[in-house]
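No lab work stands behind these numbers, since they all come straight from the coordinates. Predicted model, so just to flag it, every value in this text is computed and none were measured. Cβ sites come from the backbone with ideal geometry, for glycine too, and all protein chains shown count toward neighbours.
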Amino acid sequence: MIRSMTGYGSASGVSGSLELEIELKAVNNRYLDVSVRMPRRYIFAEDGLKKRVAETVARGKVDIFVNVDSSRDQDVEITLNEPLTDAYVAALHQIADRFGIEDGLTALQVAKLPDVLNVEQAEADADEFVRDLVGVLDEALQNFNDMRHIEGEKLHRDISVRLDLIETLTDQIEKRSPQTAAAYRAKLEQRMAEVLEDARIEESRILTEAAIFADRVAVDEEITRLRSHISQLRDILSGSGSVGRKLDFLLQEVGRETNTIGSKCQDLELGKIVIELKAEMEKIREQIQNIE
């Protein structure tokens, strides 16, 4: 079953005392473009996340948001930067003396100054952390792909309905096309009769002119190719994997045949049918842009 390029998925888990949360979001893109946003200290896991996404996603702009909560980590050490603190306190007392400001300095105020306190956490085991993080990513990817499958089914149904309509319009063109040649012959006979009045009209001349016109406006080959492309579109839609580019290419071929039919038609009713066919084709094109 086809999949949409747009989707969302999330999952959470743990790695030791760290709580992990991952969100995936994707929008349409010509190629696969994966970006990761995560705390800098865990950036070593970025490549592993990108590779795992590339194993299951073929196209789209995928954003991965990683949140690591270490608030429950018990292995934390807070140290005082004494030289810097001494310098801060001395400078603050000097300001108070120099400008006659009341010196109500508190330990909390000093602790809030930049780099006075250093919070150090034990380094997580890199391999174990990456394994745990990728495990959470796999769950998020499953939810992400489930959503894309559901959207893909909706796209499949909509495109199939429009392909049915295009086939119906193609049948109408095929049925109407011979009538155009017959109508041309009747008009030709009428005009020649008006011009020549009582003179004898050569049947062979009429047959020749009508045959030339019929050949010029014949769309049998275009209709045959159009039906073949529609059949291929249906086959691809019923398949799986990354098919968006194939569908886009085939739809371009459908467009070429439709344009050729439109340029050949010499009939108002045929022209209306071709316009309807192009309108449905354009709607399919918009939907195909969402398919992976």
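Whole-Hz Karplus ³J(HN,Hα) for the range 91-103, in order, using 6.51 cos²θ - 1.76 cosθ + 1.60 and θ = phi - 60°, x for Gly and Pro?
5, 5, 5, 5, 4, 5, 5, 5, 10, x, 9, 4, 8
Rg and Dmax of the range 76-121, using alpha carbons, in Å: what are they?
Just the Cα atoms of the range 76-121 yield Rg and Dmax of 12.3, 42 Å.
Please go through the residue pairs K175/K272; K61/K154; K246/K278; K25/K154; K50/K154; K154/K175 and name each one whose alpha carbons sit more than 23 Å apart in this structure.
On the way: K175/K272 14 Å; K61/K154 21 Å; K246/K278 19 Å; K25/K154 19 Å; K50/K154 28 Å; K154/K175 32 Å.
Checking Cα-Cα distances, K50/K154; K154/K175 exceed 23 Å.
Between beta-carbons, use under 10 Å as the cut-off and find the net charge around A96, counting Lys and Arg +1, Asp and Glu -1. Provide the component values of the computation, followed by the final result.
Numbers: positive: R98; negative: D97, E102, D103.
Here the charged neighbours net out to -2.
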